[in-house]
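Chemist: Okay, handing you the structure first.
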Amino acid sequence: MKTSCVVFQSDPQLAQVFITSLSTAFQSVRSATSLEDARISAIKHRAEALIVDMEAASLDDLRYLSHELPAIRIVCNHRVADEKLWIAALNAGAADCYASSDTKAIMNAALGRPNGHSEAA
């Protein structure tokens with residue numbers, strides 16, 4: 001079982017869905033209320049993964065996080081993730097990017113498991 005994961009989402013209901021799903025694979029899953037809270041929480045709890053809502057964070061924010069947290073797997077989500085966003089997110093430092101509805105792929109990506117892009121690409 002992985003140690004810790006941080007979830008930063010603009011939609012509290014979606015955050016809870018991710019927290020519930022990820023808690024089966026991580027010992028600790030924390031919800032962050034801001035980008036800075038996500039960064040601090042990831043450092044404090046030695047997170048292995050960070051789930052970032054691209055509706056709440058910009059590509060510059062993602063670049064900043066990936067620079068500040070190089071050892072943490074950053075997985076992005078967006079309700080309308082497409083190939084353009086996927087490429088931009090990867091170029092900004094994300095490990096992967098999926099449609100918010102694809103919770104299984106987001107969980108697999110957070111765990112470092114390979115995924116096919118069923119909805120994002």
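Chemist: Would you say Asp96 is surrounded by 15 or more Cβ atoms within 10 Å (Cβ to Cβ) and in contact with a strand residue (DSSP E or B) (Cβ under 7 Å, 6 or more places away or on another chain)? Even if it seems obvious, please write down each step before you answer.
Modeler: On the way: surrounded by 15 or more Cβ atoms within 10 Å (Cβ to Cβ): yes; in contact with a strand residue (DSSP E or B) (Cβ under 7 Å, 6 or more places away or on another chain): yes.
It is true that Asp96 is surrounded by 15 or more Cβ atoms within 10 Å (Cβ to Cβ) and in contact with a strand residue (DSSP E or B) (Cβ under 7 Å, 6 or more places away or on another chain).
Chemist: Also: When region 69-92 is examined, which residues are found to be in contact (Cβ under 8 Å) with a residue 12 or more places away in the chain and within 20 Å of Lys2 (Cβ to Cβ)?
Modeler: Leu69, Ile72, Arg73, Ile74, Val75, Cys76, Asn77
Chemist: Would you call Ala56 of a type in the set (A, V, I, L, M, F, W, C), assigned to a loop (DSSP other than H, G, I, E, B) and surrounded by fewer than 23 Cβ atoms within 10 Å (Cβ to Cβ)?
Modeler: On the way: of a type in the set (A, V, I, L, M, F, W, C): yes; assigned to a loop (DSSP other than H, G, I, E, B): yes; surrounded by fewer than 23 Cβ atoms within 10 Å (Cβ to Cβ): yes.
It is true that Ala56 is of a type in the set (A, V, I, L, M, F, W, C), assigned to a loop (DSSP other than H, G, I, E, B) and surrounded by fewer than 23 Cβ atoms within 10 Å (Cβ to Cβ).
Chemist: Quick test for you: out of Ser118, Ser31, pick the one residue that is surrounded by fewer than 19 Cβ atoms within 10 Å (Cβ to Cβ), at pLDDT 95 or above and not in a helix (DSSP H, G or I). If you could, list the steps in order and put the result at the bottom.
Modeler: Values: Ser118 fails: at pLDDT 95 or above.
Being surrounded by fewer than 19 Cβ atoms within 10 Å (Cβ to Cβ), at pLDDT 95 or above and not in a helix (DSSP H, G or I) holds for just one of Ser118, Ser31, which is Ser31.
Chemist: So, Ala89, is that one under 21 Å from Ile19 (Cα atoms) and either surrounded by 18 or more Cβ atoms within 10 Å (Cβ to Cβ) or touching a Pro at 6+ places or on another chain (Cβ under 6 Å) (or both) or not? Steps first, answer last, please.
Modeler: Values: under 21 Å from Ile19 (Cα atoms): no; either surrounded by 18 or more Cβ atoms within 10 Å (Cβ to Cβ) or touching a Pro at 6+ places or on another chain (Cβ under 6 Å) (or both): yes.
So Ala89 does not fit the description; no.
Chemist: Do we have Ser21 as among the polar types (S, T, N, Q), part of a loop (DSSP other than H, G, I, E, B) and touching a residue at least 40 places away in the same chain (Cβ under 8 Å) here?
Modeler: Numbers: among the polar types (S, T, N, Q): yes; part of a loop (DSSP other than H, G, I, E, B): no; touching a residue at least 40 places away in the same chain (Cβ under 8 Å): yes.
Here the answer is no, as Ser21 does not meet what is asked.
Chemist: Mind telling me which of the residues Ile74, Ile40 ends up being among the β-branched types (Val, Ile, Thr), outside any strand (DSSP E or B) and either touching a strand residue (DSSP E or B) at 6+ places or on another chain (Cβ under 9 Å) or surrounded by fewer than 18 Cβ atoms within 10 Å (Cβ to Cβ) (or both)?
Modeler: Values: Ile74 fails: outside any strand (DSSP E or B).
Going through Ile74, Ile40 in turn, just one is among the β-branched types (Val, Ile, Thr), outside any strand (DSSP E or B) and either touching a strand residue (DSSP E or B) at 6+ places or on another chain (Cβ under 9 Å) or surrounded by fewer than 18 Cβ atoms within 10 Å (Cβ to Cβ) (or both): Ile40.
Chemist: Then there is this: Val52: closer than 14 Å to Met107 by Cβ, modelled with pLDDT of 95 or more and in contact with a strand residue (DSSP E or B) (Cβ under 7 Å, 6 or more places away or on another chain), yes or no?
Modeler: Working: closer than 14 Å to Met107 by Cβ: no; modelled with pLDDT of 95 or more: yes; in contact with a strand residue (DSSP E or B) (Cβ under 7 Å, 6 or more places away or on another chain): yes.
Here the answer is no, as Val52 does not meet what is asked.
Chemist: Against the condition of a type in the set (A, V, I, L, M), in contact (Cβ under 8 Å) with a residue 60 or more places away in the chain and crowded, with 18+ Cβ neighbours inside 10 Å, how does Ala110 come out, does it pass?
Modeler: On the way: of a type in the set (A, V, I, L, M): yes; in contact (Cβ under 8 Å) with a residue 60 or more places away in the chain: yes; crowded, with 18+ Cβ neighbours inside 10 Å: yes.
The answer is yes for Ala110.
The values are calculated or read from the model by the stated rules, or taken from the named source; none is laboratory data. No experiment lies behind these values; they were computed from the predicted model shown. Note that each Cβ is placed from the backbone with ideal geometry, even for glycine, and that neighbours are counted across all protein chains shown.
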